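Engineer: Can you keep this structure in mind? I'll have questions shortly.
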Amino acid sequence: MSPTSTTTAAEAKVIHPDNVQYPWYQLLVRTWSGTLYLYTDEEIAKISESFTPLDELPPVFDPWSELVKLTPPTFYYGWPVDTKLMLEYARRMGLVYPQSGTPSSPTEVAQAESWTLVNVEEYLEDVVSLEQTYGSQNAQERSLLIWSLYTNWTPLDERMDEEEIAEWQADLGYKEGPKWYLTCSA
């Protein structure tokens, strides 16, 4: 028993995620084998199909909550990258990738958008990060690129407050608030 705890290890009950509510969680939990485990395409598809972004982070996935739990996977709190909103933000901030003339092919347009995204990411690097997550609503894509404000592992006193989040939401052009997205690196 720790010097500050009044509960012995034997008395503490470890909480587990509900496998019905979070069916993807069973695929993340592996028995330690000492070797690197790579998920199969089928397992990745099951996680991707069954995960939906969370409006609020349940205590079972919050490493800072008081409950005794298994070590939770990483979740990112943010918004999906929306190309239209990102380009509007880049125009307002003077971050559009410079090019001579008008792009003449879809490939040139995609390259210009990719470099503009890099410019925006570098400009915002002290505030948000780009993260690959589950939560895509598109059946053809298994992962989703999001702007992350912080993770469930970020200490509470280092997280943005609601007012700051609302300011960034308005500045980036999002109508809805951020959600919690499961990392693809779980």
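The values are calculated or read from the model by the stated rules, or taken from the named source; none is laboratory data. As the structure is a prediction and not an experimental result, all values here were calculated from the model. Positions of Cβ are generated from backbone atoms using ideal geometry, with glycine treated the same way; all protein chains shown enter the neighbour counts.
Engineer: Do you know which residues across region 113-125 are part of a loop (DSSP other than H, G, I, E, B) and surrounded by fewer than 17 Cβ atoms within 10 Å (Cβ to Cβ)?
Structural biologist: So in region 113-125, the residues part of a loop (DSSP other than H, G, I, E, B) come out as 124-125.
Once the filter is applied, which keeps residues that are part of a loop (DSSP other than H, G, I, E, B) and surrounded by fewer than 17 Cβ atoms within 10 Å (Cβ to Cβ), region 113-125 yields only E125.
Engineer: Can you tell me which residue is surrounded by the fewest Cβ atoms within 10 Å (Cβ to Cβ) among those in region 77-100 that are modelled with pLDDT of 90 or more and farther than 15 Å from L172 by Cβ? Let's see the steps before the verdict.
Structural biologist: From region 77-100, those modelled with pLDDT of 90 or more are 77-96; that's our starting set.
Add one more test, that the residue is farther than 15 Å from L172 by Cβ, and what stays is 94, 96.
Values: G94: 8, V96: 17.
Step by step, filter region 77-100, then rank; the result is G94.
Engineer: Shifting gears a bit: Just to check your reading of the model, which residue among T52, T71, T4, T31 is loosely packed, with under 10 Cβ neighbours inside 10 Å, modelled with pLDDT of 85 or more and out of contact with any Leu (no Cβ under 8 Å at 6 or more places or on another chain)? Walk me through how you get there before you give the answer.
Structural biologist: Details: T52 fails: loosely packed, with under 10 Cβ neighbours inside 10 Å; T4 fails: modelled with pLDDT of 85 or more; T31 fails: modelled with pLDDT of 85 or more.
The unique qualifying residue is T71.
Engineer: Exactly one condition in (1) out of contact with any Ser or Thr (no Cβ under 7 Å at 6 or more places or on another chain); (2) modelled with pLDDT under 95 is false for G135; which is it?
Structural biologist: Every condition holds for G135 apart from (1).
Engineer: For region 126-175, name all the residues that are within 24 Å of Y22 (Cα to Cα) and part of a strand (DSSP E or B).
Structural biologist: Selection gives E131, Q132, T133, L144, L145, I146, W147, S148, L149, Y150, T151.
Engineer: Give me a count of the residues in region 140-156 that are out of contact with any Pro (no Cβ under 7 Å at 6 or more places or on another chain) and either among the polar types (S, T, N, Q) or over 28 Å from Y25 (Cβ atoms) (or both).
Structural biologist: Here the count works out to 5.
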